[in-house]
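The values are calculated or read from the model by the stated rules, or taken from the named source; none is laboratory data. A quick note: this is a predicted structure, and the numbers were derived from the prediction, not measured. Here the Cβ is made from the backbone with ideal geometry for all residues, glycine too, and neighbour counts use every protein chain on show. Ligands, DNA and RNA are stripped out before the accessible areas are found, and what is left, the full protein with its side chains, is counted by its heavy atoms. Shrake-Rupley method; radii C 1.70, N 1.55, O 1.52, S 1.80 Å.
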Amino acid sequence: MVTVELRNVEKKWEDFRLRINHLEARDGEFLTLLGPSGCGKTTTLRMIAGFDRPEGGEILFDGTRMNEVPPYERGIGIVFQDYALFPHMTVFKNVAFGLEMRRVPRKEIEGRVKRALELVGLRGMENRYPEQLSGGQQQRVALARALVVEPEVLLLDEPLSNLDAKIREKLRGEVRRIQRELGITTIYVTHDQEEAMAISDRIALMNVGTVEQVGTPLELYYHPKTEFVARFLGLSNILELEAENGRACLGGLCFNVGKEGRVRLFFRPESVYVKPGKTGRITDYELLPGRVRLKIDVEGNTILAERFLNELPFSIDEPPEGVDLEVLSFSTI
Amino acid sequence: MGSKPSKIILLMPLVFLLVFFYIPLVSIVKTGLWDGGLTLRYLGAVLSNGYHRHVIIFTVEQAIASTLLTLVLGLPGAYIFAKYDFPGKRTIKAFLTVPFVMPSVMVALGYILLFGKNGFVTELVGRDLGILYSWKAILLAHAFYNFPIVIRMVSSLWQRINPHYEEAAMALGARGWRLFWRITLPMISPAIFASAMLTFVFCFLSFSIPLIIGGYQYATMEVDIFTQVMTLLDFKTGAALALIQITLSAVFMYLYLRSLEAYSKREEQRIFQKPAGFGWRDILSIKGLLMVVYSLIVFLFIVAPLLAVLYDSLRFQGGWSLEWYRRVFSPEYNPMFGASTMVTIRNSLAFGISTVILSTLVALPVAYILHRWNFRGKRLFDVLVMLPLASSPVTLALGYIKVFHSTPLYYTAAIVAIAHTVIAYPFVLRSVSTALRKIRPNLFEAALSLGAREWRAFLKVELPIAMGGVIVGAIFAFAMSIAELGATYMLAKPEYTTMAVAVYRFLGSRQFGSASALSVMLMVLSALSFMVIERMGEEVW
């Protein structure tokens, strides 16, 4: 397997500019490009695949420059959002296509196609046509077709977003299982943060043409480097406070920041613990399965707190007049 | 981009077009404008001559009138097809392809048999309606050919208009005529305009119909050029006329291609509105009755000329007989066109098949270039490769006579097949390009990612999916080849006479029985083409 590396890659069109200073998918790693639509993640993937050409910079596979190498010589497998199965070929023919292009002997093709279809759980479907399959099955065929040629890099462009929620969750687990089994370097594009968190070794979060932060899901979630990252993943509290003697306070809620002057504090709702007191006031709450999300007003600022119902020190039916807050982990951004 | 040998394959068709279309074209320009130096003498002579001026004006007038009649006849059909589902809809829709593939010599013969002195309609009414050998017959025959285009193009767009537009307008208080005028009409107008432009171009270049049922007074420019060259041997005047014709038709063709662009843009929305059911009970309403009457008229309009020909071919000396067919299939030499009728059938088939092969070989690489490559001047390239559509067979043949008369190619079977190819190839190109455009681009990318080179991805993935378009284009080329009259007449020596030319000769000597029997043979070939096209279910334009 290979390490995919992007160095100073640039691409412009009309009023949009994509620039990636450095991005790396290491050998055998599952890297997700996450971001809102129009951030350039699909373009980045297409440049790695060789369908689009960067206007500057380099794309490297194991240190070898790939910019001028056509897609069919890059050793990639790609799965598209709409699967792109060849409608005039059976499942078998679709999966066999890449092997035929590589002039693999007939006998060997049969065995490899069979194994690939087994890997994705589609035995016995060889003679069906794509139109006779459900969306989930089509996606499995697309995956088998990409994997059967034993690519060095697997590229997935929002492969699950056309499926309904239940199948999506099931398939993403399988994609992850297969990727681990084969140990193949994988680059995955999605706009779904939950999917990205669930599936990735590392996530590259993108925003209008740049990579904002790269890191493990936990790093991005608990230690975002920018406000965009903080707000894109999950819910967040961001406070701007004035620090004195290493402490910044909002009413009775204080943080040991170890700095002086203006600071921006970031913390997740689940880091906020509450007990009856008088620092803030519960203004509203929302029930989630087994949990509750509280809106607490502290000196005119709304702070979100999320707790399991069974660990609240009071009953949510009879909330106290005031609450004290404790934030166990936070960071400055 | 491809490797070297593939580029050579891609360039071959362009060389073919250069030699067999552009050089003859330039030669006509030279003949019309050059006489030891640049001269406008011949153009001036044509334009100041009363007869030629009359012909030019008449050509445009009849094309406008034919287009209007075609729209009148086609638009109600488009409405019915877009809005209603009824028993037999598929069959009727299929039936509308029939005129496309029917040779115009045969249709002209049908009109003679219907409206002539002893015609069926003439005898039914009891007097000569004065339709034949006048502009009326020309208009009717042109409408016969083109109203299915209007029905197909307009109804296909009409069906795809997002129903929410009309519903929103209705919710805002628009209904009936105002709804149609303000909302529906603007939505379907690209289709109306594109189909009208195509009809106009076809009528403007029409040859066999005015030649046979128009007479001297109602000649089009195409007929006029033919007469100048073939009867009067006046190449200079012919070339000057051809110049005017090419210029005008190129302008019309450009307008057509532009309107087609607007049309396909709208069509791409592909929102399909399920038509309302139309059962037997609905026929009893006024609307239903009008629809039935319209369908009957259309039906008669299409089948009447065909039935007239079939009937006539089976009548011999006042009784039913297969005598005319016996004569058609006899190996007897016919001095009128210098071959036996059997040989003309063989010739037509041979030219038809050569045209299919050649025009596919020319069209496929051009379609590939247009589909796959992006380069500066691509729009101009598109226009240049489609320009043969705007040239007429007679003009093309005139160019061939000028360019090739002293080469060994002249007077061979090959040059006839080549002429047919240049005439038919734009239809193959259109058909293939349309089919290729419908394919999602990521199928191609998927093939590349799996290790296929560009041309293998094209051959193994895109071409098989577009095969319907290729076959329809090829069959269309076949139908055009066997129906072709003008260029064949001008370029083929007697032993290469085709069925269409033989029918024309029979008509000239008023041997209607032989003409009818041979026309029925043509009809059978055309009907076979029609069935293949219908099975593939692809649109040519």
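Brief remarks follow.
- Residue match in segment A:50-59 (condition: in contact (Cβ under 8 Å) with a residue 24 or more places away in the chain, more than 13 Å from every other protein chain (Cβ to nearest Cβ), open to solvent by 10 Å² or more (accessible area, probe 1.4 Å) and among the charged types (D, E, K, R)): yes
- On the stretch given as segment B:515-537, residues that are over 21 Å from the mean Cα position of the chain (by Cα) and either open to solvent by 10 Å² or more (accessible area, probe 1.4 Å) or free of Cβ contacts under 8 Å to residues at least 12 places away in the same chain (or both) total 0.
- Residue ID - nearest to A:Asp27 (Cα to Cα), chosen from residues in segment A:200-210 that are of a type in the set (Val, Ile, Thr) and at pLDDT below 95: A:Thr210
- Taking the criterion of being within 23 Å of A:Pro70 (Cβ to Cβ) and either at the interface with chain A (Cβ under 7 Å from one of its Cβ atoms) or in contact with a Phe, Trp or Tyr (Cβ under 8 Å, 6 or more places away or on another chain) (or both), the residues of segment B:431-448 that qualify are B:Arg440, B:Asn442, B:Leu443, B:Phe444, B:Glu445, B:Ala446, B:Ala447, B:Leu448.
- Close pairs (6 angstrom Cβ cut-off, 6 or more residues apart or separate chains): of a type in the set (D, E, K, R) in segment A:125-143, open to solvent by less than 10 Å² (accessible area, probe 1.4 Å) anywhere: A:Glu126/A:Val91; A:Arg128/A:Val91; A:Arg140/A:Val120; A:Arg140/A:Leu122
- In the condition set (1) open to solvent by 10 Å² or more (accessible area, probe 1.4 Å); (2) touching a Lys or Arg at 6+ places or on another chain (Cβ under 9 Å); (3) of a type in the set (A, V, I, L, M), B:Met386 is compliant with all but (1).
- Count of segment B:463-506 residues which are of a type in the set (A, V, I, L, M, F, W, C) and surrounded by fewer than 22 Cβ atoms within 10 Å (Cβ to Cβ): 5
- Candidates A:Ser315, A:Ser329 - the one that is among the small types (Gly, Ala, Ser) and over 32 Å from the mean Cα position of the chain (by Cα): A:Ser315
- Cross-chain or 6+ apart pairs with Cβ under 9 Å, segment B:288-304 first and closer than 17 Å to B:Ala78 by Cβ and open to solvent by less than 80 Å² (accessible area, probe 1.4 Å), then part of a helix (DSSP H, G or I) and among the acidic types (Asp, Glu): B:Met291/B:Asp282
- Residues being surrounded by fewer than 19 Cβ atoms within 10 Å (Cβ to Cβ) and not aromatic (Phe, Trp, Tyr) - total across segment A:215-235: 11
- Among the residues of this structure, B:Ser449 does not count as one that is in contact (Cβ under 8 Å) with a residue 12 or more places away in the chain and more than 30 Å from B:Ile213 (Cα to Cα).
- Residue among B:Ala78, B:Ala63 that is of a type in the set (A, V, I, L, M, F, W, C), in contact with a His (Cβ under 9 Å, 6 or more places away or on another chain), buried (at least 17 other Cβ atoms within 10 Å of the Cβ) and assigned to a helix (DSSP H, G or I): B:Ala63
- In segment A:1-20, the residues that are in contact with a strand residue (DSSP E or B) (Cβ under 6 Å, 6 or more places away or on another chain), more than 25 Å from A:Ser161 (Cβ to Cβ) and of a type outside the set (Asp, Glu): A:Met1, A:Val2, A:Arg7, A:Asn8, A:Arg19
- Only one of B:Leu17, B:Leu33, B:Leu47 that is open to solvent by 70 Å² or more (accessible area, probe 1.4 Å) and either more than 28 Å from the chain's Cα centre (by Cα) or in contact (Cβ under 8 Å) with a residue 12 or more places away in the chain (or both): B:Leu47
- Conditions (1) part of a helix (DSSP H, G or I); (2) within 14 Å of chain A (Cβ to nearest Cβ): number failed by B:Tyr489: (2)
- Residues of segment B:202-236 satisfying the condition of being in a helix (DSSP H, G or I), of a type in the set (Val, Ile, Thr) and crowded, with 22+ Cβ neighbours inside 10 Å: B:Ile209, B:Ile212, B:Ile213, B:Val223, B:Ile225, B:Val229
- Looking only at segment A:91-112, and only at residues there that are more than 14 Å from chain B (Cβ to nearest Cβ) and within 20 Å of B:Leu463 (Cα to Cα), the one that is least open to solvent (accessible area, probe 1.4 Å): A:Val91
- On the stretch given as segment A:142-199, residues that are assigned to a helix (DSSP H, G or I), among the charged types (D, E, K, R) and under 22 Å from A:Ile76 (Cα atoms) total 7.
- Near pairs, Cβ below 6 angstrom, 6+ apart or cross-chain, from segment A:61-90 (at the interface with chain B (Cβ under 7 Å from one of its Cβ atoms) and farther than 18 Å from A:Glu150 by Cα) to any residue that is surrounded by fewer than 17 Cβ atoms within 10 Å (Cβ to Cβ) and not polar (S, T, N, Q): A:His88/B:Pro464
- Boolean, B:Ser206 is farther than 21 Å from B:Phe58 by Cβ and among the small types (Gly, Ala, Ser): no
- Scan of segment A:138-160 for residues that are touching a strand residue (DSSP E or B) at 6+ places or on another chain (Cβ under 7 Å) and either among the aliphatic types (A, V, I, L, M) or open to solvent by 40 Å² or more (accessible area, probe 1.4 Å) (or both), ordered by number: A:Ala142, A:Leu143, A:Ala146, A:Leu147, A:Val149, A:Glu152, A:Val153, A:Leu154, A:Leu155, A:Leu156
- In this structure, B:Ile80 does not satisfy being among the β-branched types (Val, Ile, Thr) and modelled with pLDDT of 90 or more.
- Only one of the listed residues (B:Gly469, B:Gly473) is within 14 Å of chain A (Cβ to nearest Cβ) and within 22 Å of the chain's Cα centre (by Cα). That residue is B:Gly469.
- Strands (runs of 3 or more DSSP E) wholly inside segment A:1-95 that include at least 1 residues being closer than 21 Å to A:Gln139 by Cβ and at pLDDT 90 or above: A:30-34, A:76-79
- Selected residue (criterion: surrounded by the most Cβ atoms within 10 Å (Cβ to Cβ)) from residues of segment B:449-462 that are facing another protein chain (nearest Cβ under 9 Å) and among the charged types (D, E, K, R): B:Glu454
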